[in-house]
Every structure is written in structure tokens, then in C-alpha cells.
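Below is one structure, written out as C-alpha cells; the observations come after it.
The values are calculated or read from the model by the stated rules, or taken from the named source; none is laboratory data. The model shown is predicted, which means the values in this text are computed figures rather than measured ones. Here the Cβ is made from the backbone with ideal geometry for all residues, glycine too, and neighbour counts use every protein chain on show. Calculation scope for accessible area: heavy atoms of the full protein, side chains included, ligands and nucleic acids excluded. Shrake-Rupley method; radii C 1.70, N 1.55, O 1.52, S 1.80 Å.
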Amino acid sequence: MIRIPRRAALGLLLPASALAQADTRPVRLIVTVAPGGAVDLTARLLAQHMAGPLGRPVLVENRPGANGVLAAELVAKSAPDGTTLLVAPREVFGVNPVLYAPLPYDAERGFAPIGIATTGHYVLVANAGLGVTTLAELVTLARRRELAYGSTGVGSMPHLNMEAFARDAGIRLLHVPYRGTGPAATATVAGDVALLVTTAQSVAALVQEGRLVALAAGSPTRLAQFPAVPTLAEAGIAPNSLMPNYFALAAPAGTPPAVVARLNAAMRQALAVPETGERLRAGGLDPAPGSPEELATTIVADIRHFGELIRAAGITRE
């Protein structure tokens, strides 16, 4: 007769959910940036409100550096047991594989996607002294003389979105990278560059003060901060020229599907908490809970989209 150890026998009698809940090890959310900003805000709100559904502590661990590569590599090489998760923006999954190859992680096969948690939409603003108040006026001016735009760095979403906008509008623009949104916005106000693609939250006060002019929103509907500013589609430009950034959760490849499903459910529960939505919207973000399958499909499509854009624009790493 085959003898089954008592502990194993008890395990066979327990449902899978009970076994999962019996694990009280903390879940670590590895964040690709330093504290502050959209990625960190997303992670901290998820940590606060996922702990209850998971029945265990959820901790935030910031691992900035190398455009998110350090954090992504750490998670990709961690044990696939659901205790070490990546919280990262779109660039880490869809841009880095093109611009910074070879990478120490595989964006398509190195992770078990959990889902997109939040999104942030962009707005195109101009220096107030440029003399343009509409997208059509900007395009006309850009066809007469070279205009420069600022961004938060080579390969950032603002950089790639502006290149996509220039392509779709049939104009050429000069890229000037800065180290962060603050310096880029300051340079645009000063007239060192003419244009900037950034989050509505970061420039709302400057637009209200008349120091910058908002020309178009890269969102399906008009942004709450700028109800009078048309969307790209309303202005006659391809709406995906200014793609939103997303902030997503992923586990190491090989994480059991049941664990992924439980983490996705906990993420959705966290994003459904009214306080979470209020704090996200105050930070310029929208709750956008998605499925693992949707994130996996988005990663593949982004690598193709940004690969084509980067090669056509001749963008190279810094």
C-alpha cells in the first residue's frame, strides 16, 4: 500500500484557494522608478488595497535605473510563485525591446502578464509666444520653419508620441531631450523649445496662467482639465498619434494561471475602491483594469508599432 504523508494528504483535502491563502509571505511590487510619479502612485494604491483580497501584506519596492531594465530583470528572474511582481509603464514592455536590445529580459516571454491597471493620457502644448492656438495653425507654421519640441528623454512616450504626430501630420520637428517633465516644461515656457507632449496634470496650471497653450488631447474624449481643447481625432489627426501610457502588473513567466487569475482579481478589487479612483484621477490617471490576455496582446502590438516608428524616425539610444 502506498503511504501518503499526513501533510500532503491534508493538502489534497483543501481547495486551491485555501492553499493560496495559507501562504502569508508578503507580495513585493517592484517599481521601475523612484518614489513619486504615475508608476509609483499606481503601485502604492495597489499595494494598499490588494493586501485585503490577497490576505497578505503587499509591499512597494522602488528599483529605478536603466529605463526600467533593472526592475524588469529582477522580476523576470524571480521565482514564479506570485510573490514578486513588476509594476511598469508601457516603455518597459513595448519600447525597451526595440531601443535597448539585447535586454536581460524577454518582454514577450519573460513574464506572465497580470493586467493593465491604470492609464494616463497626453496633451500637446505650445509656447504661448509661438502664435498658434490650433493644431491646424501649428502644422502650417511647422511646414514653413523648423520647430523644436522637448521630451522626457530618448525613447520616452512623449518622444515617441511626438514623432508619431509629426509623421501623421506630415511635418518634421527637432527633438530636444530633457531629464524629466519639469525641465522640459520649463524649457517650453521659456521658448527654448516650441512644443511639448506631456500629461495634462503637469501643465494644467501653466495653461491656466497663459504661459502655455494646449492644442490637442491624445484621448478618446476631451480631458477634464481642458474641456475646450479638442482631441486629435476632432482636429483631423490620427488619434493614436498620442498613445496613452499604461501602467501594468506582471509576474515572472511560469507563474501558475490560478495565481495570475487571483492577482488579477485582487488588482480589479483594488481599482474598484472609490478612494483609489479619486486619488488616481487627482494624479492625472484613470483606473483601467484589464485582463492578462489583453496585456499580452498589447505588448506584442506595441513592440511591432514602436519598432516601425523607431526605425522610420532613425531613433537611437542615448
Subject >> Along each principal axis, Cα extent of region 210-318, largest first, Å >> reply: 49, 40, 27
Subject >> Point-to-point label distance, Ala34-Arg145, nm (Cα→Cβ direction, 7 Å offset) >> reply: 3.7 nm
Subject >> Accessible surface of the chain [probe 1.4 Å, protein heavy atoms]: carbon and sulfur percent >> reply: 57 percent
Subject >> Charge dipole (debye, nearest 20) of region 84-151; +1 at Cβ of Lys and Arg, -1 at Cβ of Asp and Glu >> reply: 220 debye
Subject >> Exposure of Arg317 as accessible area (Å², to 10), given a probe of 1.4 Å and all protein chains >> reply: 110 Å²
Original post:
Tally Lys and Arg at +1 and Asp and Glu at -1 over the other residues with C-beta under 12 Å from the C-beta of Asn62: what net charge comes out?
Top reply: +1
Original post:
Averaged per residue, what accessible surface does the chain expose to a 1.4 Å probe, in Å²?
Top reply: 45 Å²
Original post:
Mind checking which of Glu61, Glu73, Glu275 has the largest fluctuation in a GNM of the chain, springs on alpha carbons under 10 Å?
Top reply: Glu275
Subject >> For region 243-294: span of alpha carbons on each principal axis (Å, largest first) >> reply: 36, 26, 15
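Based on the Cβ-Cβ distance of Glu293 and Asp168, what FRET efficiency does E = 1/(1 + (r/R0)^6) give at R0 = 51 Å, to the nearest 0.05?
In this case the efficiency is close to 0.95.
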Original post:
Taking only DSSP H segments of four or more residues, each worth -39500 (n - 2.57), what value at 222 nm results for the chain once the sum is divided by all its residues, to the nearest 500 deg cm²/dmol?
Top reply: -12500 deg cm²/dmol
**OP:** Please work out the Cα convex hull volume for region 151-270 and give it in Å³ per residue.
**Re:** 149 Å³
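Quick one: work out Rg over Rh on the C-alpha atoms of region 24-181, Rh as Kirkwood radius.
Checking Rg against Rh, the ratio lands at 1.07.
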Original post:
Tell me, what ³J(HN,Hα) does each residue in region 164-178 have, in order and in whole Hz, if you take phi through Karplus 6.51 cos²θ - 1.76 cosθ + 1.60 with θ = phi - 60° and put x for Gly and Pro?
Top reply: 5, 4, 4, 4, 6, 8, x, 10, 10, 10, 9, 8, 10, x, 10
Original post:
Averaged over all directions, how much area does the convex hull of the C-alpha atoms of the chain cover when projected, in nm²?
Top reply: 17.6 nm²
**OP:** Using R₀ = 25 Å, calculate the FRET efficiency as 1/(1 + (r/R₀)^6) where r is the Cβ-Cβ separation of Arg179 and Gln208; round to 0.05.
**Re:** 0.45
Subject >> Those residues of region 189-211 whose amide nitrogen sits under 17 Å from the label point placed on Thr133, 7 Å along Cα→Cβ >> reply: 207-211
